[in-house]
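Student: Structure incoming, see below.
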Amino acid sequence: MILKEEKDVVVTTPVSDDGIPTPWRFHLGLTTEPDREPIFPVAAWFLRQPEQLWRHYPLFLQRHENDLLVRPMLQVLSDALAELERKGEGIAVFAANRFFFIKAAVSLVGEGCIRFEDIRDEVFKAFKHELDLSVVADAELNSEWQRLVPLLQGDALLQGVGESAPIQIYCQTLLARREASGQAFHNTVRQLFNHLGDLLRLDRERSGREAGTLNETMGKSGSFFDVSRLAQILPTPNGSKPMQTARRSRIEETRHIFAAYLEEMSLQPVLSIISSDEVAIPVDLASVSYHKGEDCFGEAGNLFDQKVEKVTAVLRAIRAARLEIEGEYLPDRHDEFLANFSWQDCEDWEKDLLPAILVIEPSHIRGPKLSSFCNLLCSGQPIQVLLKETILSELERGTLPDPSALALAFRDVCVSRTSLARPEHMKAVFDRAMATRLSSLTVVAEPGAGVEHPLLLLETGLLGRATPLYCYDPSAGETMADRFSLEIPNLPKGGTSGDPIELTFAELAALLPSWRKHFFLLPSDHTQDGLLLLTEYLTAEPQVSKVSLPFIHVVNKSGVRLKAVISRELVQMCKANHGAWRALLEQAGVCNEYARRAEIAARESACRESEQRLILLAQEHAEQLNKTRFEAGRETMEGLARVLLGMDEEALSSAMTLSPEPVVVPGKALVSEPVDRVPVETVEEVSDEEDEPLVEEAYIDTALCTSCDECTNLNNRLFKYNPDGMAFIADLEAGTFAELVKAAEACPAKIIHPGSPRQGDSTVSQALITRAAAFN
Amino acid sequence: MFGLKSDWVLEPKPRSFVKEDYDAGQAKWCPGCGDFAVLNAIQRLCRDQQLLPENTCFVSGIGCSSRFPHYMKTYGFHGLHGRAFPVACGIRSRRPDLNLFVATGDGDCCSIGAGHWIHGLRYNMKMVVMLFDNNIYGLTKKQTSPTSPKGTFSNTHPDGSFMSPMNPITVSLGITNTSFLAQTVDWNPPHLYATLKAAFEHDGTAFVRIMQRCPHFTPDNYTPYQNDPSKVLLMTHENGIQGGEAVEKTFKTQVVHDPTDRPGAFELAINHDVLPIGLFYRNPNAERYDNYSSVGADMSPADKVEAIDTLMDHYVV
């Protein structure tokens, strides 16, 4: 569908009898908009692209070690295609059309969860049918498919977009985690059971030396003895006392508990799901039991208490068994301890063995259920609550408390909000909830039943911040910064400005037919009536928004771009949503109003200080300037006065040389003849070492000569020894500049200074001058 | 002969010598070797003192330094490795009229000749001992010597020497009856000359350690001091080496040190931060063995026989 402008529509704004324009009447609720054809928000247009739409679904769910891997099909395909490309195997046809493959998979899997291997070929068939390729391309695609199949996870489950997704992901994750830990626990119990049995057996056998036991103990050497006679003769082994009756009964009781566990509990389901009648559970897994009830939260608590008692008994028995095996059981101490032992005293790893209960309910909790819900959250029982939040359910917005906000008030509850649109985030919050071993609440945003484009709706809701993603984990640390994490969606840039596209609650509402009545359509070039874009309206000052009419850009089914005025009711919801998002940002530390105000105050204070400083500096500068001017003028006048009074004739001449302008002597005519200037001796400045002029003539520090013959051997006319046997430059004309430089380099005492080259020396070059500079 | 003729009176004309009179030829040391500076300073000294070449003797052992007698047009004795001292002591004992110089090196004196060195200093016979210290056995092409710095790579220590070097000055300070200990450098001819002159004028054994550059085998040993004169500590005193204004201008790091202060001399000698030059120690009252060992040098053979006969008569029965 191509966006286009409707140019032939005449722009008229009907006005009613009371003089209020119709758009305003609509906005104020004085009139209603009859149902018209559906509209689509322009800001959400980019979400229609396949890359956006099918980025996250369908999902591959696969067990991996003790966890569940959740990967979108797009990612799995991309990895497989990249692998083939690395090997140099062509996959061009498939790679160019992979979104059609995903589309075929989406249509076949629907909202359910199927083993990929079961529908793989069917998906490929539908994919090829969609492409309708030529024979050659079809053959190429078939060969590519043969190469691709081994890289696709055949044993994985394929999950579609639907309300089964969160339940499936949760259950599979839990089962994967519990499988290993449950097996280990089972083995531990069995070992202890056997060990306790050995204790009892040894005690029984201790009462006499039984020939059979003796024979076993002696082995082959038993053939040398009359074992039965020996058994009668041998005394009771020293240190072996019969087991106390109380101890025996404790051990037997413990074994009885273990036996019951091994027999019964291993057959118990790993997870119990409790839901009310209005919630359908489209998941059927082994090791999961399903319960229905009116008061799910209350029943979850009761079920937990029932199941946990049996588990606690086993944990208690494990402790008793270990003490008995070590022989360290002290009734005085341990009886009371074990009697008071409860599941709250378990170690962290043992809490993974406590009964797993999942309560699934819709998010609009009210009435007595609300009370049960709160009781459950403050019970501390590690029960997981999953609330399904249908987007824009009319009833809950603004009328009922947000359950996640309510749960946060309990402090020790792990609270998360997630969305079906982000399965990876959903998996992550489930992992977090299971790891905390606390009561947890997860609110999952779902599209609801009968929605035409569920993913579109979910994405719009997420990007419009109507369904935020966050997690509050009280076990993560002491501060809110440690506990609270908020996912901020990445908005794409668009339009000519390149600014991020802004989506609001109104764009989400525009997608739902039931909310169509909140929009009044106007032509896109309508500029009257104080129209203001909703994103600006929400952040405008009250005096501006009071006289403005909020709208969003939409497109109708024919592709015509229009402006949709929003009803006041919807605007209130948008404001509430905007405010809620701001609050979340502040809570997450992303946007802190206090910090912003402090920053503004600090900035203003710094500006003020710098301005004051500038003023002070300017004043000082002006004062200094005036002072300098005054002093300079005074000096000039003093000099002039001295000259006039004839007290310092030298000053006249120096004044004349210093000052380019002629000195005017009052009462005397200017001398027209040229005045013989008194030569002024220029003061030679004491030069620093850095200002020393370059040496002009070559010379040697003769006193430091070590008489090594290097220079004299080079040119004994240029260099000669004095009577002390120390070198000096005898005749500069007798040698060349090159020889001077060479001698300077060869002199071990570094006392030869080549100076500047003579006129007419043909050996001079820039390189030599550069080399000589080091010795000058 | 028909009588003496007045014009046949042989009166030796007064002789004056120039530096070239002591120059025996082109020295064959390596280009840039510090020995050249010492040779020149000694020749200047001989000229300035107008030493009779036939009354001057240079004794050496083995080494680059010990080539010295070959380049002086005087008498010389190029002896065995480490044995310059005994030869010089013998010459001194029987020819006390000679101007005696000893040229020895750090290997020749401090290693194989160490025993003679100790007693040579102790005997305190009048001579000038020049220790050409280039920290290496150079003539034999790079072996570690007792004064080689720790870590010196040589043919005998390919991985670097692992012993700290000996300090000839501190060793000499510990020898009884030492009378003159000085240290100088070859790259400052004024100070070198002044030191050798003071050594020559001393009555006794004047031991002068000359830090001598070896451009071939140890080119970098003295480079820091040569390039940065502030690392050289000039010992000054009215009784010390008078180098002159030029020397004091060159070496600005100075300390006033009384040459009679033996402990102070030791403190200065063990200072590793700077290279002290000047006179460490002087004892003009030290005993001189050549006063005893030269007894009888002026006796004729007949006198000696008579003296022996006189002695033997005591035992005649």
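The values are calculated or read from the model by the stated rules, or taken from the named source; none is laboratory data. A quick note: this is a predicted structure, and the numbers were derived from the prediction, not measured. Methodologically, a virtual Cβ is constructed for each residue, glycine included, from the backbone with ideal geometry; neighbour enumeration extends over all protein chains shown. To get the accessible areas, we keep the full protein, side chains included, count just its heavy atoms, and leave off ligands, DNA and RNA. Shrake-Rupley method; radii C 1.70, N 1.55, O 1.52, S 1.80 Å.
Student: If the only charges are +1 at each Lys and Arg Cβ and -1 at each Asp and Glu Cβ, what is the size of the charge dipole of the protein assembly as shown around the Cα centre, to the nearest 20 debye?
Tutor: Once rounded to the nearest 20, the dipole reads 2800 debye.
Student: Moving on. Accessible area per residue, 1.4 Å probe, Å², for the protein assembly as shown: what's the number?
Tutor: Result: 53 Å² of accessible area for each residue.
Student: In the protein assembly as shown, with Lys and Arg counted as +1 and Asp and Glu as -1 at Cβ, which of these residues, A:288, B:154, A:329, has the Cα nearest the positive end of the dipole, that is, farthest along it?
Tutor: Going by the charge dipole, the pick is A:329.
Student: Using modelled backbone amide H atoms (1.01 Å from N, in-plane), which distant-in-sequence or interchain residues come within less than 5 Å of residue A:291's amide H?
Tutor: A:273, A:274, A:275
Student: Can I ask one more? To the nearest hundred square angstrom, how large is the accessible surface buried between A and B, total for both chains, probe 1.4 angstrom?
Tutor: So the total buried area for this chain pair works out to about 1200 Å².
Student: Once Rh for region A:700-776 is found with the Kirkwood sum over Cα pairs, what is the Stokes-Einstein diffusion coefficient at 37 °C and 0.692 mPa s, in µm²/s? Write out the running numbers ahead of the final one.
Tutor: Values: Rh = 12.3 Å.
Approximately 267 µm²/s, per Stokes-Einstein.
Student: Short version: which residues of region B:209-225 lose at least 10 Å² of accessible area, all chains versus chain alone, 1.4 Å probe?
Tutor: Listed in order, they are B:213.
Student: Using R₀ = 35 Å, calculate the FRET efficiency as 1/(1 + (r/R₀)^6) where r is the Cβ-Cβ separation of residue A:310 and residue A:65; round to 0.05.
Tutor: Rounded to the nearest 0.05, the efficiency is 0.75.
Student: Quick one: which bits of region B:174-193 get at least 40 Å² less accessible when the partner protein chains are in, versus the chain alone, with a 1.4 Å probe?
Tutor: Residues of region B:174-193 that lose at least 40 Å² of accessible area once the other chains are added: B:189.
Student: Over the Cα atoms of the protein assembly as shown, each weighted equally, I'd like the Debye log10 I(q)/I(0) at q = 0.06, 0.07, 0.09 Å⁻¹, rounded to two decimals.
Tutor: Rounded to two decimals, the profile gives -0.83, -0.84, -1.05.
Student: Build a GNM of chain B with springs between Cα atoms under 10 Å: which of B:201, B:245, B:54 gets the top mean-square fluctuation?
Tutor: Result for chain B, Cα springs under 10 Å: B:245 fluctuates most.
Student: Rounding to the nearest 20 debye, state how big the charge dipole of region B:19-313 is about its Cα centre with +1 on each Lys and Arg Cβ and -1 on each Asp and Glu Cβ.
Tutor: About 720 debye.
Student: What is the sum of charges around residue A:376, taking Lys and Arg as +1, Asp and Glu as -1, for the other residues whose C-beta is under 13 Å from the C-beta of residue A:376? Mind dumping the intermediate values first?
Tutor: Values: positive: A:369; negative: A:295, A:299, A:305, A:361, A:412.
With Lys, Arg at +1 and Asp, Glu at -1, the net is -4.
Student: Can I ask one more? Taking the Cα centre of region A:559-643 as the origin, how large is its charge dipole in debye, to the nearest 20, when only Lys and Arg (+1) and Asp and Glu (-1) carry charge on their Cβ atoms?
Tutor: The calculated dipole for region A:559-643 is roughly 600 debye.
Student: Which pairs in the list B:19/B:141; B:126/B:304; A:750/B:252 are over 28 Å apart, alpha-carbon to alpha-carbon?
Tutor: From B:19/B:141; B:126/B:304; A:750/B:252, over 28 Å: B:19/B:141.
Student: Counting Lys +1, Arg +1, Asp -1, Glu -1, what net charge surrounds residue A:84 among other residues with beta carbon under 13 Å of its beta carbon?
Tutor: Here the count lands on -1.
Student: Something else: Separation of region A:577-638 and region B:258-297 by C-alpha centroid, Å?
Tutor: Centre-to-centre (Cα) distance: 74 Å.
Student: Got a sec? Charge dipole of region B:19-313, +1 on Cβ for Lys and Arg, -1 for Asp and Glu; which of B:174, B:229, B:255 is way out at the positive end?
Tutor: B:229
Student: Moving on to the next point. Filter the cross-link list A:388/A:427; A:742/B:249; A:517/A:557; A:310/A:369; A:292/A:369 down to pairs whose alpha-carbon distance in this structure exceeds 19 Å.
Tutor: Table pairs above 19 Å Cα-Cα are A:742/B:249; A:310/A:369.
Student: Right, another one. What does the charge add up to near residue A:108, with Lys and Arg as +1, Asp and Glu as -1, over the other residues with Cβ less than 14 Å from its Cβ?
Tutor: -1
Student: Given a 1.4 angstrom probe, I'd like the percentage of the accessible area of region B:19-313 that is carbon and sulfur, rounded to a whole number.
Tutor: Taking all protein chains in place, region B:19-313 shows 55 percent carbon and sulfur surface.
Student: Considering the options B:293, B:187, B:112, tell which one lies farthest towards the positive end of the dipole of the protein assembly as shown, charges being +1 on Lys and Arg and -1 on Asp and Glu at the Cβ, about the Cα centre.
Tutor: After comparing all options, I get B:112.
Student: Specify the residue with the greatest mean-square fluctuation among B:307, B:27, B:206, computed from a Gaussian network of chain B linking alpha-carbon atoms under 10 Å apart.
Tutor: Per the Cα network of chain B with a 10 Å cutoff, B:307 tops the list.
Student: With a/c under 1.5 counting as rounded, go ahead and sort region B:52-135 into rounded, prolate or oblate using the C-alpha gyration tensor (a ≥ b ≥ c being the square roots of the eigenvalues; past the cut-off, prolate if a/b is larger than b/c, else oblate).
Tutor: On the way: a/c = 2.08, a/b = 1.21, b/c = 1.71.
It is oblate, given that a/c is not under 1.5 and a/b is not larger than b/c.
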